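J.: First, the structure itself, so that you have it in front of you.
Each reported figure results from applying straightforward, stated rules to the coordinates on display, with no laboratory input. Everything quoted here is computed from the prediction, not taken from an experiment. Positions of Cβ are backbone-derived with ideal geometry, glycine not excepted, and every protein chain shown enters the neighbour counts.
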Amino acid sequence: MVNFLRILTILFVSVIPSASFAKPAAVASIKPEDLSEYSDQPVEIRNLIERSLALTKRRLTYTFGSNSPENAGMDCSGTVQHVLQALGIEGVPRTSFDFYHWVKKESSLTDARAAKKTSDEVFRKLKPGDLVFWEGTYDTGKRNPPISHVMIYLGTLEKDGRGVVFGASDGRRFRGKKITGVSVFDWKIPSASSSSKFVGFGPVPGLEKETPTHVAKPVSSKKDPLKSLKSGLDKLFR
């Protein structure tokens with residue numbers, strides 16, 4: 001009888017979606033305009049910020065293995081993948097480990113393992129829209145390096161000047177509130193005693209279009225009277 005009940009339990013767990021066992025969502029959200037840098041960003045970065053923050057309003061929980069809001073939740077890399085695919089980015093990876101190597105190969109990765117706080121010099125290069133990476137948030141087996149977490153840096157809040165990231169987590173915080181789900185979070189570096197370590201950051205490959213280095217001056221609508229007179233005389237005595 002005990003074995004029979006055990007088999008029924010295993011079958012039940014295998015057919016019920018993982019979202020059914022996830023914690024209820026406890027998320028935080030902001031508006032794009034709450035970010036100091038938002039209005040100065042290229043349109044591609046503003047779109048990234050807007051799509052990301054729109055997901056924070058859907059009260060999605062943290063669901064390991066999911067990359068779709070239709071499952072009522074997503075994990076960290078699934079959330080980033082969903083946003084970037086929605087923007088039309090091609091070749092978007094699925095895992096945080098693959099995201100790390102994607103940025104390293106196709107874009108540029110800044111190593112920040114030596115950083116102790118977010119005000120360190122290395123973060124002067126950090127820009128809204130950059131992907132940020134951690135290792136050691138859970139056991140990743142044979143991954144090298146052991147990248148385990150990815151999020152999107154959004155910028156700093158107007159009201160307090162502190163950094164904000166977007167993604168999915170179960171346990172990180174936002175301004176004192178413990179988060180479970182797809183949300184905004186405090187941008188911070190783990191303490192020296194933490195098992196997790198911040199690794200680095202870099203821009204999303206293929207996101208920003210190249211900006212022309214030369215912009216043609218608009219043609220003035222006002223006519224030069226001397227040029228008009230000369231043109232008229234040229235026609236008259238041609």
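J.: When only alpha-carbon atoms are used, what values of Rg and Dmax, in angstrom, describe the stretch 25-206?
T.: For the stretch 25-206, the Cα radius of gyration and maximum Cα-Cα distance read 14.8, 42 Å.
J.: If each of LYS23 and ARG59 carries a label point 7 Å out from its Cα toward its Cβ, how far apart are those two points in nm?
T.: Taking the two extended label points, one gets 1.7 nm.
J.: Still on this model: Which entries in LYS31/LYS104; LYS31/LYS127; LYS142/LYS177; LYS31/LYS105 show an alpha-carbon gap greater than 24 Å? Spell out each step's value before the answer.
T.: Values: LYS31/LYS104 30 Å; LYS31/LYS127 18 Å; LYS142/LYS177 33 Å; LYS31/LYS105 33 Å.
Correct reply: LYS31/LYS104; LYS142/LYS177; LYS31/LYS105.
J.: Under 5 Å between amide hydrogens, which residues at least 5 positions from HIS149 or on another chain qualify, with H placed 1.01 Å from N in the peptide plane?
T.: TRP134
J.: Using Cα-Cα distances under 8 Å and only pairs 6 or more residues apart, what relative contact order does the stretch 25-206 have, in percent?
T.: Numbers: 391 pairs, mean separation 53.2, N = 182.
Relative contact order for the stretch 25-206 comes out at 29 percent.
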